[in-house]
Amino acid sequence: MSQPPRFRYEEVADFVAGLAGRGTLKPGARAPSLREISTQQRTSLSTAVQAYRLLEDRGILEVRPQSGYYVAKAPPALPVPATARHSIRPAKVELSGLMLDLLKHASDEAFVPLGCAIPNQRLLSSSRLDLVLARTARVKGSQCNTYSPPHGEMSLRLEIARRALRYGQALAPDDIAITCGCTEALALALDAVTEPGDTVAIESPTYFGLLQVLRAKRLKVVELPTDANTGVAVDALRDVVAAGKVRACVLASSFSNPLGCTMPEENKRAVLRLLARHGVPLIEDDVYGDVHFGEERPPPFGALDTHDNVIYCGSFSKTLAPGYRIGWIATRRHMARVLETKFATSLATPVLTQVALATFLSNGDYDRHLRRVRREFADTLARMTRVIEQAFPPGTKVSRPAGNFVLWVELPEPVDTRLLFAQALEKGICFAPGVVFSASGKYAHCLRLSGGHGWDARIEKGLRTLGAMAGRELRRPAAAAGT
Ligand SMILES: Cc1ncc(COP(=O)(O)O)c(C=O)c1O
């Protein structure tokens, strides 16, 4: 799906908004004059005027008569969502019926794409990847038309191991097996360390795809209270682990989905010590690890683990190639079991895409690409947050992830985002209602918004409409009466 062509004035507006979003131009600072920006951006004065009008509409610039344009002062930041404290008893996974509806509409281009966490093709550098894939097919196509070895292609495993070393995770290529996305990695990890009927500790709210996998494997869960900044509550985890209630634990150490939380390093180390002491394996979902907004990638559990107790799961789906379905699982202790199950379920991962990805990684393209997507996602989330501050009802809370491209929004109760979801679909807007992120129907007043599409006027309009609808829902007499 190609992007509609962008007007020059939109590009100029994005350039200035980027300066404001990244703090080069501070709130209250004078923006470059129209003449300066038109010279600097090599554009006409009328294009600069159009760009600045757009920025005024977006609330990024304000005009002061006789004086010029200034960066608007930011409204006070909205609070982050509260940590839900709830029962932490093992329970069966009950999936929300809305999940299928969400998946159906999230991939329909007719809807404003705030639903699923899928990066837009434009952001994914798909055309550069296409070239590498085409060249690989031309040069090595027939060699690739075979089964890959059980671990997957050596060239790709080497590239993954090299990259992991940068953030402190020392892996031999044979500690890695290539999988069909992070989803297969999570499924293989669970198969390696659990039996049907066991209980697994998870974050709450958590990624709905994980809930599907857990349910398919007939596993029970305890949903741990999770802070929107610091992640899972270590004391709650200590209680369930000490009581011998869980067989494994699935956590994201950084930029979780949907909360976007990142555990402080001391909490990560405390979790690792606790789980190793009780012999409970930790399955790490690090699918968003590469999308960090700060300079450094925070170390994953896998890099801090000294007990070989972490089964690390990653993929290229959130940064580069969701359609290639390439992920990996890294474990020394459980590799034999993982390979057995991989053989029994999918036999091998397609070779051509593995070899093409290995080439893309080895020639430095991925690093350049990552720098760009991180900037775009950070910028998009900043703009989305700004519109939420302006257009959502008072009392709204929003997460502040330091990586990732989703926002978790808590609306004032009694707004029910299941009803809001149905109304939004009628208006052509898709978002993810909160209940799909819980195994027990929690978070009916929350929702998740994806910034995977990047920023444009359609996203902004969709967000503003959604905010207005949430406000109306809150004022509706039936909602006020709690029905
Ligand atoms: C936290 C998390 N884990 C795993 C996945 C699935 O990754 P993949 O597409 O590589 O299977 C997703 C996709 O949304 C996700 O958000």
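The values are calculated or read from the model by the stated rules, or taken from the named source; none is laboratory data. Just so it is clear, the model here is predicted, and its values are computed rather than measured. Cβ atoms come from the backbone with ideal geometry, glycine included; neighbour counts cover every protein chain shown. Remember, those area values only see protein heavy atoms, side chains included, never the ligands or the DNA or RNA. Shrake-Rupley method; radii C 1.70, N 1.55, O 1.52, S 1.80 Å.
Hydrodynamic estimate: the Kirkwood radius of segment 172-220 over Cα pairs, inserted into Stokes-Einstein at 37 °C and 0.692 mPa s, corresponds to D of 280 µm²/s. Per atom type, the chain shows carbon and sulfur on 53% of its accessible surface, probed at 1.4 Å. Computed over the alpha-carbon atoms, segment 243-297 gives an Rg to Rh ratio of 1.01, Rh here being the Kirkwood radius from the mean inverse distance.
Placing +1 on the Cβ of every Lys and Arg and -1 on the Cβ of every Asp and Glu, with no other charges, gives the chain a dipole of roughly 600 debye about its Cα centre. Per residue, segment 8-71 exposes 55 Å² of solvent-accessible protein surface, assessed with a 1.4 angstrom probe and all protein chains in place.
When the trypsin sites (Lys or Arg not before Pro) in segment 55-103 are filtered for DSSP coil states and for at most 16 other beta-carbon atoms within 10 Å of their beta-carbon, the remaining sites are Lys73, Arg85.
Note that segment 102-180 presents 52 Å² accessible area per residue, ligands and nucleic acids not counted, probe 1.4 Å. Size descriptors for the chain (Cα atoms only): Rg and Dmax, in that order, 23.2, 74 Å.
Per residue, segment 330-405 exposes 40 Å² of solvent-accessible protein surface, assessed with a 1.4 angstrom probe and all protein chains in place. The orientation-averaged projection of the convex hull spanning the C-alpha atoms of segment 22-109 amounts to 11.2 square nanometres. Across the chain, the longest run free of exposed loop sites, meaning GluC sites (Glu not before Pro) lying outside DSSP classes H, G, I, E and B with no more than 11 other Cβ atoms within 10 Å, spans 297-483. The mean sequence distance of close C-alpha pairs (under 8 Å, at least 6 residues apart), as a share of the length of segment 252-354, puts its relative contact order at 22 percent.
Loop-located chymotrypsin sites (Phe, Trp or Tyr not before Pro) across segment 66-151 with a Cβ neighbour count of 12 or fewer within 10 Å are Tyr147, with loop assigned by DSSP. Across segment 32-40, rounded Karplus estimates of 3J(HN,Hα) from the backbone phi angles (6.51 cos²θ - 1.76 cosθ + 1.60, θ = phi - 60°) give x, 5, 4, 5, 4, 5, 5, 5, 5 Hz, Gly and Pro being marked x.
Applying a DSSP loop filter and a limit of 14 other Cβ atoms within 10 Å to the trypsin sites (Lys or Arg not before Pro) in segment 200-259 leaves Arg218.
Computed over Cα pairs, the Kirkwood radius of segment 214-339 leads via Stokes-Einstein (1.567 mPa s, 4 °C) to a diffusion coefficient of 85 µm² per second. Separation of the alpha carbons by more than 20 angstrom is noted, of Lys217/Lys245; Lys268/Lys397; Lys397/Lys442; Lys318/Lys461, for Lys268/Lys397; Lys318/Lys461. Remark on Gly231: its backbone amide H falls under 5 Å from those of Thr262, a criterion applied only to residues 5 or more positions apart or on other chains, H modelled at 1.01 Å from N.
On the principal axes of its alpha carbon atoms, segment 142-366 extends 55, 40, 29 Å, with the longest extent given first.
Within segment 86-191, the ratio Rg/Rh, alpha carbon atoms throughout and Rh by Kirkwood, equals 1.06. From the alpha carbon centroid of segment 105-184 to that of segment 355-426 is 22 Å.
In units of the compact-protein estimate 2.2 N^0.38 Å, segment 8-71 shows a Cα radius of gyration of 0.97.
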